[in-house]
1. I'm told residue B:210 meets every condition in (1) surrounded by fewer than 18 Cβ atoms within 10 Å (Cβ to Cβ); (2) outside the structural domain of residue B:311 (by TED's automatic domain parsing) except one. Can you identify the failing condition by its number?
2. Do we have residue A:296 as within 17 Å of the chain's Cα centre (by Cα) and within 14 Å of chain B (Cβ to nearest Cβ) here?
3. Residue B:78: within 14 Å of chain A (Cβ to nearest Cβ), more than 26 Å from residue B:222 (Cα to Cα) and part of a strand (DSSP E or B), yes or no?
4. In segment B:167-192, what residues are surrounded by 16 or more Cβ atoms within 10 Å (Cβ to Cβ) and either at pLDDT 90 or above or not in a helix (DSSP H, G or I) (or both)?
5. Quick test of your reading of the structure: residue A:207 fulfils all but one of (1) surrounded by fewer than 20 Cβ atoms within 10 Å (Cβ to Cβ); (2) away from every other protein chain (no Cβ under 14 Å). Name the failing condition by number.
6. Return the residues of segment B:87-99 that are within 9 Å of another protein chain (Cβ to nearest Cβ), closer than 15 Å to residue B:123 by Cβ, touching a residue at least 40 places away in the same chain (Cβ under 8 Å) and surrounded by fewer than 23 Cβ atoms within 10 Å (Cβ to Cβ); say none if nothing qualifies.
């Protein structure tokens with residue numbers, strides 16, 4: 001999707017200011033790759049931009065090249081800014097992000113901290129913990145679809161715990177469906193956080209922790225003053241990966257709820273998918289894609305620049 | 001005020017015994033060096049005192065108070081690691097103030113003590129610099145200051161000079177000693193370098209194979225080694241040890257060294273003890289520095305020069321006869337021809353006798 005495209009304008013910046021000659025050589029050496037990149041990135045981008053000013057859809061029976069015949073100025077842009085369903089899906093995506101990323105981070109960090117020590121069955125639990133990550137998201141989606149059926153295991157467990165018959169229609173309830181989707185995401189992706197953070201934690205020098213203890217630091221002080229500062233970069237990377245991934249959340253969610261009931265679990269990806277495949281409003285979709293690209297670039301470029309400068 | 005008392009302290013790792021029933025008393029404000037080759041148990045002892053590892057058996061007492069089961073963070077000992085373990089993600093100031101901040105001291109007090117410590121260690125201009133990428137001798141001063149700033153009564157140093165270059169090591173030896181006097185701390189200093197132990201320590205505990213060999217002042221360990229190990233380990237090169245048999249002739253006692261010759265012993269504690277024990281097989285010990293070469297004097301030990309090591313201010317002459325070797329330290333100008341036999345006279349009052357079977361010194365308590 002558009003997110004990858006953000007990287008393209010950044011690429012030439014990597015060339016550090018230096019001799020003019022070296023720059024020219026660098027340009028020549030990277031030219032084939034740059035041309036390829038330009039074709040992959042620029043061509044669709046220009047095409048998108050062109051279509052976004054028209055009312056063209058594949059239903060009109062003409063090639064997109066003739067889209068100018070359906071020119072409609074800024075109608076699509078007005079639609080993007082005012083469409084309630086689109087904005088609802090954007091807000092929902094951010095809700096999922098705000099709930100899932102911190103939850104996965106804290107759970108992952110907590111479990112990773114446990115795994116820096118020794119306990120019985122550590123290797124066994126390690127394998128078990130990594131399992132969810134290996135499951136194909138579509139399969140995970142189907143799994144949770146079954147789990148959250150009104151006659152499914154989740155309700156059965158709740159019935160057993162409460163002692164009375166529980167028959168919650170999880171996936172057909174507007175708020176519970178979104179919660180179910182978030183639980184599935186947390187189940188599947190906490191292990192990734194765990195894995196990344198564990199790698200970071202194992203890199204924290206043991207002697208520094210011991211020194212801190214000798215100087216009177218307790219468990220929390222060690223975490224705050226030694227461990228967290230030392231893994232801060234890895235922490236940022238882990239959060240960035242999950243934030244980007246959740247922004248694109250689709251497969252698990254689509255299989256569980258297809259964005260329903262109504263549009264109560266519709267995220268940006270699901271919304272775009274529906275408008276593209278069901279409504280076939282391609283020029284409108286092109287406008288949404290451009291809009292997201294601009295917004296994401298505005299956020300991502302300064303972030304990448306700052307992160308690059310921090311090295 | 002802090003004394004350290006180790007009582008029958010042992011540590012096993014699986015079947016390996018790293019430390020065996022160590023008994024050691026460290027006095028208040030004493031500078032005690034733990035000296036021994038790698039794997040002798042000195043670092044294990046240090047970690048036991050700090051609380052980094054748990055003892056398998058025995059007790060550790062600070063000022064008569066049993067701290068064997070007290071957690072590392074609560075023992076209140078200062079510790080300087082061999083690699084310093086500087087918090088490289090912090091500034092020099094944050095490194096120094098870490099212990100004070102952990103004790104939740106007031107900001108003004110923290111600042112006062114940090115600047116006092118920085119003045120003492122000449123770290124003032126570096127205070128707000130990041131602690132990464134500084135040179136080894138600065139890192140070392142930070143490490144010492146960081147532990148000393150909380151004013152622990154007991155200070156442990158684990159080979160703190162092994163990473164610094166020779167010139168700076170000499171400076172740091174004097175500096176460390178004067179710091180210890182200023183801090184008035186009880187210090188345990190682990191090293192494999194006898195020069196450091198000799199120059200800085202009030203007393204030295206020589207260890208080998210997890211067993212304490214001897215405790216004493218630097219001169220005691222040098223002059224009166226309790227056993228063969230201490231004799232060979234202390235000194236550079238170590239004490240010469242020649243195998244021989246005791247004999248008595250006309251009331252005088254001596255050692256028969258076979259092809260090398262016979263060495264008469266002066267009467268004294270050693271001769272008396274040897275006579276009492278009725279020993280036959282002994283080792284005759286004398287320092288490489290305590291040998292004179294004199295052809296005019298009868299009764300010399302005859303050995304041939306096998307190798308000559310010139311180390312600048314002195315010459316180390318290697319000699320052998322049969323299967324036995326001796327090293328002699330001579331002045332720079334000493335002329336030695338390979339293969340030439342030299343008449344050796346160990347200084348009479350500097351000779352030591354060891355029981356060959358047990359390796360223990362004869363006539364030394």
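1. (1)
2. Values: within 17 Å of the chain's Cα centre (by Cα): yes; within 14 Å of chain B (Cβ to nearest Cβ): no.
The answer is no for residue A:296.
3. Values: within 14 Å of chain A (Cβ to nearest Cβ): yes; more than 26 Å from residue B:222 (Cα to Cα): yes; part of a strand (DSSP E or B): yes.
So residue B:78 fits the description; yes.
4. Selection gives B:185, B:186, B:187, B:188, B:189, B:190, B:191, B:192.
5. (2)
6. Filtering segment B:87-99 down to residues within 9 Å of another protein chain (Cβ to nearest Cβ) leaves B:87-90, B:94, B:98-99.
So of that shortlist, the ones also closer than 15 Å to residue B:123 by Cβ come out as B:87, B:90, B:94, B:98.
Of the ones still in play, those that are also touching a residue at least 40 places away in the same chain (Cβ under 8 Å) are B:87, B:90, B:98.
The one that is within 9 Å of another protein chain (Cβ to nearest Cβ), closer than 15 Å to residue B:123 by Cβ, touching a residue at least 40 places away in the same chain (Cβ under 8 Å) and surrounded by fewer than 23 Cβ atoms within 10 Å (Cβ to Cβ): B:90.
So that you can scan it fast, the table gives a plain yes or no per residue for (1) within 14 Å of chain B (Cβ to nearest Cβ); (2) surrounded by fewer than 21 Cβ atoms within 10 Å (Cβ to Cβ); (3) within 30 Å of residue B:53 (Cβ to Cβ):
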{"residue": "A:218", "(1), (2), (3)": "yes, yes, yes"}
{"residue": "A:238", "(1), (2), (3)": "no, no, no"}
{"residue": "A:243", "(1), (2), (3)": "no, yes, no"}
{"residue": "A:246", "(1), (2), (3)": "no, no, no"}
{"residue": "A:260", "(1), (2), (3)": "no, yes, no"}
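Quick grid of which residues meet (1) away from every other protein chain (no Cβ under 14 Å); (2) within 24 Å of residue B:29 (Cα to Cα); (3) buried (at least 21 other Cβ atoms within 10 Å of the Cβ); (4) modelled with pLDDT under 90:
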{"position": "B:102", "(1), (2), (3), (4)": "no, no, no, yes"}
{"position": "B:129", "(1), (2), (3), (4)": "yes, no, no, yes"}
{"position": "B:134", "(1), (2), (3), (4)": "yes, no, no, yes"}
{"position": "B:139", "(1), (2), (3), (4)": "no, no, yes, yes"}
{"position": "B:150", "(1), (2), (3), (4)": "no, yes, no, yes"}
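The values are calculated or read from the model by the stated rules, or taken from the named source; none is laboratory data. On a predicted model such as this, the values are computed, not experimentally measured, just so you know. Cβ: placed from backbone, ideal geometry, glycine included. Neighbour counts: every protein chain shown.
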